[in-house]
Amino acid sequence: MATPREVSMVLFLNGPVQNGDFTFHDAPGKAVGIRLASTLNEIQGHTAAPHLWNTVTLSGDIRHRSQRRASSPLSRVAFEHTRLMGKYGAVPPPSSVITDADSEVGALALTMIEEQLTDGSLRIGDATLQECSDCGHTVGLGAKRCTSCASGRLRTRTSRNLIKENVPEGSLLPPELLHMSNRRRPRHLEAICRDVPRRLLLSRARTHGIHLDDIGLRGLVLDPRVGIHVTVLFAARREGSETALMTVTPNALAHIAAYGESFTARRGLRLRYVLHGRVPYDALPELRRTYEFHRANDQDRRSFENRFLPLLSWHGKSRIHAGRLPALLKYFLKVTRADRHERDDELLGHVRDAIACGDSQWVMDKRLLAVALRSGPSQRGERPVVPHV
């Protein structure tokens, strides 16, 4: 297990959120990773970290294609940015936003790719793929219909792609990539990440993303499962951190770990995963009477929803059941309203050491949880990380 000294200069960053068809108001569960990263940074005494976004998506290509028929169509970059800012509503993000298609992210990605092409970790070679005869979009070999234009006219074609050959022995999720105590190792997740194809294609047919023209793959972009790792590394480097701690659900990690395996470190900068579960934010309206019964004010609600629930999801690593919310609110209020006499600075030091080691056991310690919740902006009446819903 890492020691606090070993992971100094760390920064928690959200795993890039897909810029899908939602807002934080109608799908607040999408904000769990952002809220968890913000809360852990605040407890550690760090300034606000940028919010990271995944914009390289097929659904984004389709949405942009449909809006081009408008009288004043937006460019793809402007289209994504407008949709992204719309996620926050009237309250803008407290820090900057970085996407996986930003030019500086792309420059770092291409540098890392060229380095790995040179040392043989990656190669450019032929691969037989199935594509749409009408629009040219690449689909899986077993597909019956194009996922981009819905055409049923498919064909197979051999083309050049960016390829990674995986070593079948051993896990692609070694212990050092998980920011957590050894006693809570997710053995099932490690087993899933061990079961990956022998060969991975890291290039995709997209109209938006990190274009691979410079390495001879004209018309292709970097697979977003790679790009989101590079986005986190870039953000950490820009913020002056040595370790990027990326919040992610176990299910999401199972889908991206193999693709990002060789993009988790560069020149002393490291990326580690911080696992968390899901929060049933859609069930919070049912707590209205419970809030009123316990005389919880707006500050209590913000701290409970934006800070405590994400911390609990980090501790449990699995979905919090909606039926537990009333009891969790009662526990939270009991913790925060208790009259404490311990020295906050000493207890806060214990919490920070535990966070630096990836140990979340302190979340269930009332004394340590109380001092952690007393730190940061939510307890000082400042605006929450994302619009309060």
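Rank Asp365, Asp21, Asp61 by accessible area, highest first, at a 1.4 Å probe radius?
Numbers: Asp365 50, Asp21 130, Asp61 15 Å².
Putting Asp365, Asp21, Asp61 in descending order of accessible area: Asp21, Asp365, Asp61.
Hey, any idea what % of the stretch 183-311's accessible area is carbon plus sulfur with a 1.4 Å probe?
Numbers: 2530 of 5700 Å².
With neighbouring chains kept in place, the figure for the stretch 183-311 is 44 percent.
Quick check for you: with a 1.4 Å probe and neighbouring chains kept, what is the accessible area per residue of the chain, in Å²?
With all protein chains present, the chain gives 46 Å² per residue.
Once Lys and Arg get +1 and Asp and Glu get -1 on their Cβ, which of Leu74, Leu110, Ala49 lies farthest toward the positive end of the dipole of the stretch 32-179?
Leu74
Once a ≥ b ≥ c are taken as the square roots of the eigenvalues of the Cα gyration tensor of the stretch 1-157, is the result rounded (a/c under 1.5), prolate (a/b larger than b/c) or oblate (a/b not larger than b/c)?
Taking the square roots of the gyration eigenvalues as a ≥ b ≥ c, the stretch 1-157 is oblate.
Could you tell me, in Å, what Rg and Dmax come out for the Cα atoms of the stretch 202-279?
According to the Cα coordinates of the stretch 202-279, Rg and Dmax are 13.7, 44 Å.
Classify the stretch 51-92 as rounded, prolate or oblate, taking a ≥ b ≥ c as the square roots of the eigenvalues of its Cα gyration tensor: rounded when a/c is under 1.5, otherwise prolate if a/b is larger than b/c and oblate if not.
Numbers: a/c = 2.60, a/b = 1.43, b/c = 1.82.
Note, shape of the stretch 51-92 comes out oblate.
Run through the DSSP bridge list for the stretch 212-275 and note the antiparallel percent, rounded to the nearest 5.
Details: 2 of 8 bridges.
Counting DSSP beta bridges with both partners in the stretch 212-275, the antiparallel share is about 25 percent.
Say each of Leu141 and Leu117 gets a label point 7 Å from the Cα, pointing the same way as Cα to Cβ; how far apart are those two points in nm?
My value for the distance between the label points is 2.5 nm.
Gap in Å between the Cα centre of the stretch 221-254 and the Cα centre of the stretch 54-68?
Centre-to-centre (Cα) distance: 22 Å.
Give me log10 I(q)/I(0) at q = 0.16, 0.19, 0.21, 0.22 Å⁻¹ for the stretch 70-165, Debye formula, one equal scatterer per alpha-carbon, no solvent.
Treating every Cα as an identical point scatterer, log10 I(q)/I(0) equals -1.00, -1.03, -1.03, -1.04.
Based on DSSP, what percent of beta bridges with both residues in the chain are antiparallel, to the nearest 5?
Percent antiparallel among DSSP bridges in the chain is about 55.
In debye, nearest 20: dipole of the stretch 241-332 around its Cα centre with unit charges on the Cβ of K, R (+) and D, E (-)? Each step should come with its number before you reach the end.
Numbers: 15 positive and 8 negative charges, 33 e Å.
Roughly 160 debye for the stretch 241-332.
Rounded to the nearest 500, what is the 222 nm mean residue ellipticity of the chain from helices alone, with -39500 (n - 2.57) per DSSP H run of 4+ residues and division by all residues?
Details: 13 runs with 139 residues, N = 389.
That calculation yields -10500 deg cm²/dmol at 222 nm.
Which one, Val371, Val274, Val248, has the greatest fluctuation when you compute a Gaussian network model over the chain with C-alpha springs under 10 angstrom?
Fluctuation is largest for Val371.
For the stretch 292-361, rounded, prolate or oblate, judged on the Cα gyration tensor with a ≥ b ≥ c (square roots of eigenvalues), a/c < 1.5 rounded, else prolate if a/b > b/c? Write out the running numbers ahead of the final one.
Values: a/c = 2.41, a/b = 1.22, b/c = 1.98.
In terms of gyration-tensor shape, oblate.
Assuming 0.36 nm per residue, please report the length gained on full extension of the stretch Leu328 to Arg198 beyond their Cα-Cα distance. Walk me through the intermediate numbers first.
Working: separation 130, 0.36 × 130 = 46.80 nm, distance 4.47 nm.
My answer for the length gained is 42.3 nm.
Longest exposed-loop-site-free stretch of the chain, with GluC sites (Glu not before Pro), DSSP loop and at most 13 other Cβ within 10 Å?
Working: sites that count: Glu6, Glu169, Glu342, Glu382.
Counting at most 13 other Cβ atoms within 10 Å as exposed, the longest clean stretch of the chain is 170-341.
Which order do the peptides 216-224, 321-329 come out in when sorted by mean C-beta neighbours inside 10 angstrom, highest first? Before the final figure, lay out each step's value.
On the way: 216-224: 19.6, 321-329: 14.8.
Descending mean neighbour count gives 216-224, 321-329.
Whose amide H sits under 5 Å from the amide H of Tyr273, counting only residues 5 or more places off or on another chain, with H placed in the peptide plane?
Residues meeting the amide H criterion: Leu178, His179, Met246.
Using the Cα centre as the reference, give the magnitude of the dipole from point charges on the C-beta atoms of the stretch 1-126 (Lys, Arg: +1; Asp, Glu: -1; all else neutral), rounded to the nearest 20 debye. Let's see the in-between values first.
On the way: 11 positive and 13 negative charges, 127 e Å.
The calculated dipole for the stretch 1-126 is roughly 620 debye.
What does the net charge come to around Leu269 if you take all other residues with beta carbon closer than 9 Å to its beta carbon, with K and R at +1 and D and E at -1? Kindly include the intermediate steps, with their values, before the conclusion.
Values: positive: Arg237, Arg266, Arg267, Arg270; negative: Glu242.
Result for the neighbourhood of Leu269: +3.
The values are calculated or read from the model by the stated rules, or taken from the named source; none is laboratory data. The structure presented is a predicted model; accordingly, all values stated were derived computationally and were not measured. For neighbour counting, all protein chains shown are included, and Cβ atoms are generated from backbone atoms with ideal geometry for every residue, glycine included. These area figures cover heavy atoms from the full protein model, side chains too; ligands, DNA and RNA do not enter into them. Shrake-Rupley method; radii C 1.70, N 1.55, O 1.52, S 1.80 Å.
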